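Coordinate-derived values only; no laboratory data. Treat the numbers as computed from the prediction; the structure is a model and nothing was measured. Ideal geometry is used to build each Cβ from the backbone, glycine not excepted, and the neighbour counts take in all protein chains shown.
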Amino acid sequence: MVSELDRAYIAGLFDGEGTIHFKRGIEKKKKHKNKLEHRYSNSLRLSMEIAMTDESVLIWLHKTLGIGTLNKKPRKGLRKDGTPYLMQYRWRATFRDAYLVCLYLWPFAHTKLPKIQQVIEHYAKKKNKSLNAEIISLEEYRIQKNV
């Protein structure tokens, strides 16, 4: 379990350095039997990530949450003075992992709060017994915490 202090710090870090991608729409996909034809699917793309040059912070984040992946982010090109850019590292969580992180961050987030609420509300509609997290009602939480 992640402590309240750690969740508050991670929420601040995510508000400043993070991003959430939440998009629903029609996607064109290949059919497996005949590569010349395509099928269309109503798809959801959901991910959240933090990219920064300080690897130690992202290692701590990854170990603390126990969710997501941590990778090097490829560098492209050179600066105007010809020196290479610093290596960036990226922590990323997708779909249900992102949902669990959003549950941790929701009480403390400010800048990313609308997107975090969008993710929570999307999963709150589903009856997922496979998730070990309690699905919360945002209005009830606000009343309990007097937010």
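If the condition is being part of a helix (DSSP H, G or I) and aliphatic (A, V, I, L, M), then segment 86-116 contributes A98, L100, V101, L103, L105, L113, I116.
Of all residue pairs spaced 6 or more apart or on separate chains, those with beta-carbon atoms under 8 Å, a first member in segment 57-72 that is without any contact (Cβ under 8 Å) to a residue 12 or more places away in the chain and a second member that is surrounded by 13 or more Cβ atoms within 10 Å (Cβ to Cβ) are I59/L70. Looking only at residues in segment 82-111 that are among the polar types (S, T, N, Q) and in contact (Cβ under 8 Å) with a residue 24 or more places away in the chain, the one that is nearest to D54 (Cα to Cα) is Q88.
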